[in-house]
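Each reported figure results from applying straightforward, stated rules to the coordinates on display, with no laboratory input. Treat the numbers as computed from the prediction; the structure is a model and nothing was measured.
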Amino acid sequence: MKTIDLVSHSSLHTERLGERLGRAARPNDVFALSGELGTGKTVLARGIAIGLGIDASDISSPTFIILREHGGGRLPFFHIDLYRLEGVDLANTGWEESLEAGGVTVIEWPDRAGPLLPDDRLEVKLEHIADTKRRIVVSATGPRSAEFVEELRASVISA
């Protein structure tokens, strides 16, 4: 499995990483964001949306409505938050339709989806290091996401 391990020093840095991901994203790319509350999942999602050309002020956590769809960018952006759905039968919610809608899908709390997650996705784990510092581990689970990790590695090295 291809992995890159990064450190973010601020929420702005986390958002900028998301922008890189959004700029490199292709149709049907899936980002599975995991981490404790307050680690920056929604900040990273906002950065991905910005990288797609979507207005950052439109991006907030869809915790209470599960899915928000955003247009107006280079690709449609589907922001899914499964936090409140632990133990619910997700197969009947229709959320997985966004995975093949030709846009970019960001899933917060992907562990709630279990085997319903696509096989090829970019897993992004965020964890607290210090007050504003975060460790961000980006891992591939298939061929497209492996390409993505290599592109990210090259862009981080050249930066």
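Tabulated values for the structure
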{"item": "For segment 119-128, 3J(HN,Hα) per residue [Karplus equation, 6.51 cos²θ - 1.76 cosθ + 1.60, θ = phi - 60°, Hz, x = Gly/Pro]", "result": "5, 9, 8, 9, 8, 10, 9, 10, 9, 5"}
{"item": "Translational D in µm²/s for the chain (Stokes-Einstein at 37 °C, 0.692 mPa s, Kirkwood Rh from C-alpha pairs)", "result": "213"}
{"item": "Amide proton proximity set for ASN28, modelled H, under 5 Å, gap of 5+", "result": "GLY102, GLY103, VAL104"}
{"item": "For GLY35, distant residues with modelled amide H under 5 Å away", "result": "TRP109, LEU126"}
{"item": "Nonlocal amide H pairs with ILE129, under 5 Å, H built at 1.01 Å", "result": "ARG134, ARG135"}
{"item": "In sequence order, calculated HN-Hα J values of segment 9-14 (Karplus, 6.51, -1.76, 1.60; Hz; x Gly/Pro)", "result": "9, 6, 5, 4, 5, 5"}
{"item": "MRE, 222 nm, helices only [DSSP H, n ≥ 4, -39500 (n - 2.57), over the chain, to nearest 500]", "result": "-8500 deg cm²/dmol"}
{"item": "3J(HN,Hα) from dihedral phi, segment 33-44, Karplus parametrisation 6.51/-1.76/1.60, rounded to Hz, x for glycine, proline", "result": "9, 10, x, 5, 4, x, 8, x, 4, 5, 4, 5"}
